[in-house]
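Single-structure report; data block below.
What follows is calculated from the coordinates using simple rules that are stated; it is not laboratory data. It should be emphasised that the depicted structure is a prediction, and the values quoted were computed from it without experimental measurement. So basically every Cβ, Gly included, is an ideal-geometry build from the backbone, and we count neighbours across all protein chains shown.
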Amino acid sequence: MKTKLLVALALILAVFALGYSWYQSAYGGEDFYVQVDSAGKKTDVKTDNGETFSQYVYETTGYSNSGVAKELEYTTVLDAKPLRQGAFLKIVYNKTKGVISWVEVKQSEIPAKALEKLK
């Protein structure tokens with residue numbers, strides 16, 4: 001009886017570990033920090049129903065918490081204004097999906113090694 005309980009517990013733990021691993025690979029990522037240094041490239045996007053919206057595409061070097069550099073490409077949402085020049089962004093980069101999110105942060109929120117590279 002004790003052995004069956006241990007096997008069942010091990011299987012439950014294995015399922016949770018696999019689920020967590022899948023979730024991280026699909027939705028997680030590594031944080032990178034950038035400073036907006038251009039107006040971005042304005043592009044027009046046509047939706048399935050024929051509407052046309054503008055968005056801005058940015059390509060820049062981002063730095064991880066430890067200061068490792070990575071070339072990143074990210075966009076604004078449809079029909080948004082260009083990002084503010086000089087703004088600092090925290091970008092989440094997923095190895096399979098690329099940039100999955102970004103948010104503006106204060107300079108004081110950037111890890112020291114990344115901030116050192118941004119200056």
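In order along the range 102-109, the phi-based Karplus estimate (6.51 cos²θ - 1.76 cosθ + 1.60, θ = phi - 60°) of 3J(HN,Hα) comes to 8, 8, 6, 10, 7, 4, 5, 8 Hz; Gly and Pro are listed as x.
Dividing the summed helix terms, -39500 (n - 2.57) for each DSSP H run of n ≥ 4, by the number of residues in the chain produces a 222 nm estimate of -9000 deg cm²/dmol to the nearest 500.
Taking Cβ atoms as reference points and 12 Å as the exclusive limit, the residues near residue 102 contribute a net charge of -2, counting Lys and Arg as +1 and Asp and Glu as -1. Among the listed options [x] 1.02; [y] 0.94; [z] 1.19, the one matching Rg/Rh (Cα atoms, Kirkwood Rh) as calculated from these coordinates is [z].
Per the Debye calculation on the range 1-71 with a single equal scatterer at every Cα and no solvent contribution, log₁₀ I(q)/I(0) for q = 0.14, 0.20 Å⁻¹ amounts to -0.75, -0.95. A simple rule links phi to the HN-Hα coupling: the Karplus curve 6.51 cos²θ - 1.76 cosθ + 1.60 with θ = phi - 60°, which for the range 6-12 gives 5, 5, 4, 5, 5, 5, 4 Hz, with x for Gly and Pro. Provide the percentage of antiparallel DSSP beta bridges, counting only those with both residues in the chain; round to the nearest 5. Roughly 100 percent of the beta bridges in the chain run antiparallel, per DSSP.
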